[in-house]
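Written out below as structure tokens is the structure these notes cover.
The values are calculated or read from the model by the stated rules, or taken from the named source; none is laboratory data. In this text, all values refer to a predicted model and were calculated from it rather than measured experimentally. Cβ placement follows ideal geometry from the backbone for every residue including glycine, while neighbour counts extend to all protein chains displayed.
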Amino acid sequence: MSDGWSVLVEIEAPEGEHLRAGDRCLDALADVLIAEHHGIITGSATGWSARISVDDFDPVHADWQAVEAGRRIVMGMAEKVGLPDWPVVRLEAVREDVLDAELERSNFPDVVGTQEVTKLLDVSRQRLHELRHSGRFPTPMIELAAGPIWLRTAIDSFLDHWARKPGRTSRYDALREYLEDRTESAVRLTFAEIERIIGGPLPASARKHPAWWANEKAGSHAHAQSWLDIGRRTAKVDLNGATVEFVK
């Protein structure tokens, strides 16, 4: 793991001041910081910012030390290349491994189209059309020329409460019936076995978040009724191994 820090220094011109047209000071600062500190420089006539790396060999052990070290480097170089002594308006330090992880993480929501929804529900396009006109199916987040797009969380929520067979109020009733017939004090099932029992895929959150298996009925945990109502509780939820135990 890298011990380096990424430090941001942001500068803003006082009111009425600006860099002269054709001023090459920012270019000179960029050349130095890029060569010596893997810097990134952005700017305009009324302000600029620099993000640099404070490397492993620098005596930095906390974010405030990284901020101070980065500020000294940037402001020292700015003075050398002739930039005006404008005030610092923002200082920020973040571990480089944390910054890398944040940049890799997508902020776009998980979405699905018609083909993905039919697979998740294990239905035909015609059946999906019927469900959409039943008044109970989630509204798409957007309708494109190529077809509707839904949030995956909305489809998962629908799946949790969708009754496939007459007399059932939830698809998880099949899981309750299965567990009711088992006499063992602990019943261990794989996620794939549960999906075969309920007749469709578990929501993505069941494979990502242990909280989905929490022993509570409130909020979005209505599916937990399938085991809580018959006196069982979940235990030993293993997301990596894709297994869960239902115990009495």
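Observations on the structure shown:
- Selection of the range 174-200 for residues being among the charged types (D, E, K, R), surrounded by 15 or more Cβ atoms within 10 Å (Cβ to Cβ) and either touching a residue at least 40 places away in the same chain (Cβ under 8 Å) or assigned by TED's automatic domain parsing to the domain that holds GLU116 (or both) yields only ARG176.
- Reported count of residues in the range 201-248, each being farther than 11 Å from ASP160 by Cβ, part of a helix (DSSP H, G or I) and either among the aromatic types (Phe, Trp, Tyr) or assigned by TED's automatic domain parsing to the domain that holds LYS119 (or both), is 2.
- Test: residue in the range 87-106 that is over 32 Å from the mean Cα position of the chain (by Cα), modelled with pLDDT of 90 or more and not in a strand (DSSP E or B): yes
- Residues satisfying the stated conditions in the range 106-119, i.e. surrounded by 16 or more Cβ atoms within 10 Å (Cβ to Cβ) and out of contact with any strand residue (DSSP E or B) (no Cβ under 7 Å at 6 or more places or on another chain): THR118
- Any chance PRO166 is at pLDDT 85 or above and out of contact with any Lys or Arg (no Cβ under 7 Å at 6 or more places or on another chain): no
- Qualifying residue in the range 135-151 (condition: closer than 28 Å to ALA235 by Cβ, of a type in the set (A, V, I, L, M), surrounded by fewer than 16 Cβ atoms within 10 Å (Cβ to Cβ) and modelled with pLDDT of 80 or more): no
- Filter pass, HIS161 being buried (at least 16 other Cβ atoms within 10 Å of the Cβ) and either at pLDDT 85 or above or not acidic (Asp, Glu) (or both): no
- Residue within the range 24-36 that is at pLDDT below 90 and outside any helix (DSSP H, G or I) present: yes
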